[in-house]
């Protein structure tokens with residue numbers, strides 16, 4: 001059974017018919033971002049990109065707070081590699097992350113990280129002696145998505161630079177180490193906001209480590225209010241929850257099925273074979 005057939009994913013599906021939101025959220029984000037880039041080509045002096053960009057004055061002009069989000073859909077019109085690498089990274093790694101968290105929570109993660117990164121950047125530049133005029137790009141949010149992929153699939157083999165096979169955790173080390181190095185020792189080179197990338201990385205670490213869920217943190221979600229207790233790590237001892245146990249079994253089954261697809265049934269250990277058989281038996285019983 002595919003991940004889209006599961007109960008927790010079906011709850012987020014849209015009504016029948018032609019729906020823009022019927023696609024994966026990753027696809028929607030890539031389409032919108034690419035469309036903004038293309039439309040800007042027909043504007044004078046990159047008017048659209050400059051309008052969407054975040055700017056330091058946002059911190060004293062609350063009517064411009066929308067720019068804390070829109071800058072993530074604007075990219076350097078003079079360098080196509082800016083949007084290309086961001087959208088490629090989002091597409092490659094974001095689909096697996098969306099399958100873990102669902103469409104709505106994935107969008108919340110993406111937008112929240114955009115706001116967090118741009119807000120801290122605006123505060124920094126507002127008090128800087130020589131502030132930058134504006135901020136473009138979704139790099140901070142994409143960094144968060146890539147690292148969430150790394151945390152969930154640290155041993156999955158990826159191709160670094162499309163050439164070198166390596167476990168995903170190596171990419172995580174490169175991302176964090178590279179951005180820390182540039183932030184500390186080369187902050188003014190390449191005109192890149194490396195600290196915004198680190199904001200995305202820090203959020204991803206906390207989100208995964210503490211088991212956050214932005215949807216559940218929102219006021220009024222599930223009839224509960226936001227509490228600082230939601231920011232604490234999940235307790236190691238939990239009350240038995242059959243639904244949670246089944247969800248974990250489903251995730252493990254997905255991992256094993258992917259492994260079979262890559263390496264064949266012979267690659268499974270006896271323990272993994274039993275787990276897959278248990279999953280198959282449970283699915284048959286569920287549909288009888």
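Read the figures in this text as sums done on the coordinates, not as results from a lab. Note that this is a predicted model, so its numbers are computed, not measured. Using ideal geometry, Cβ is built from the backbone for each residue, glycine included, and neighbour counts are taken over all protein chains shown.
Points worth noting:
- Theoretical gain in end-to-end length, residue 35 to residue 246 [0.36 nm per residue, Cα-Cα removed]: 72.0 nm
- Neighbour-count ranking [beta-carbon atoms within 10 angstrom, fewest first] of 196, 100: 100, 196
- Across the stretch 47-103, the convex hull enclosing all Cα atoms gives 108 Å³ per residue.
- The simple Förster model, with R0 at 22 Å and r as the Cβ-Cβ distance, assigns residue 255 and residue 216 a FRET efficiency of 0.30.
- Each residue in 212, 85, 66, 136 was given a count of other beta-carbon atoms within 10 angstrom of its own, and listing them fewest first yields 66, 85, 212, 136.
- Two-decimal log10 I(q)/I(0) for the stretch 26-70, as the Debye equation yields it once each C-alpha is a single scatterer, q = 0.32 Å⁻¹: -1.04
- Once divided by 2.2 N^0.38 Å, the Cα radius of gyration of the stretch 57-206 becomes 1.05.
- The stretch 35-53 and the stretch 75-149 have their alpha-carbon centroids 18 Å apart.
- By other beta-carbon atoms within 10 Å, ranking 247, 98 with the fewest at the front produces 247, 98.
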